[in-house]
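Participant: What follows is a single structure, and I will ask about it in a moment.
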Amino acid sequence: MASSEHEFETGRQAEIEEREPLEPRVGLWGDILDELRWTWAGRKGWLVGMLGNLVFAIGYLLVTDYDPHMSDDIRVANVGLAVVLWCLADPINTNQLGSDSERVVNSLRAGDSVSRILAIKNIALAVLLVPFALLVSTIHWLLAGRWHLVPHTVVADLGAVFLWMGVGSVVSVLLPYPPLRIRARVKALLARRSVIRYAACLAAPYVLWLGIVKVLHIPWNQIWDHRLLGSRVADLPKYALVYLGISLVYWVIGLSIASVYDRRFPGRLIRDLEREV
């Protein structure tokens, strides 16, 4: 009897998913793989945007910071980190729910939690972005001859990703907006209130880059500026691990704030995801 009930529920869930696209619940790795498949198949514009940001970031750094003969190991190690931060200062990170609004709305109505949905999307985004950042760093290490920087640079890049995603998770529930074609977007923007909201959505990541992210780095800057873990060069791996730890704390806090917001204002996130802008 129990087996029959389980088969019935499984079949019912499959029928619902076939009729309405949902975020799956097949375990952590299965969910991440599904998110990656969904991204490659259904969000090509999203990927193009991330690639565009990456190219722009690399170009900017080549013009402003590149020097193959630099003697400062710390500066070399931070190149990949700078690329990560630049790429994530974008709606790619701050509109993670709106870019997949149909599946998110269906999943929320089916009882899924916003923190779980965001965590899966965050990790999938990290899987996509971190290899690009490491590729940039690797090319830089090759040109500058700094292969000994590999371990702590990887750790610092991961820290940058999770710090920004903690911020992005909060903005993703406060200002979600679905992707629209240009003609539909212009039509929607004719409404006065939509113009203000849409402008806020687009400006949010850049305002955050100039403001809140710098504030969030204050604890880390105090540790770094006062050399609380020892010599910056000799103890660079320690600093990288502490930076990752601080960033993971911010990530968890961001997911928690998103969850509290959804519980405090039930239904608001779904309504925001279903509106035109």
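Participant: Going through segment 239-277 one residue at a time, which ones are at pLDDT 90 or above and among the basic types (Lys, Arg)?
Facilitator: If the condition is that a residue be at pLDDT 90 or above and among the basic types (Lys, Arg), then 263, 264, 268, 271 are the ones that fit.
Participant: Residue 215 passes all but one of (1) surrounded by fewer than 16 Cβ atoms within 10 Å (Cβ to Cβ); (2) within 17 Å of the chain's Cα centre (by Cα); which number fails?
Facilitator: (2)
The values are calculated or read from the model by the stated rules, or taken from the named source; none is laboratory data. Remember, it's a predicted structure, so these values are computed and weren't measured experimentally. A quick note on method: Cβ atoms are made from the backbone with ideal geometry, for glycine too, and the neighbour counts reach across all protein chains shown.
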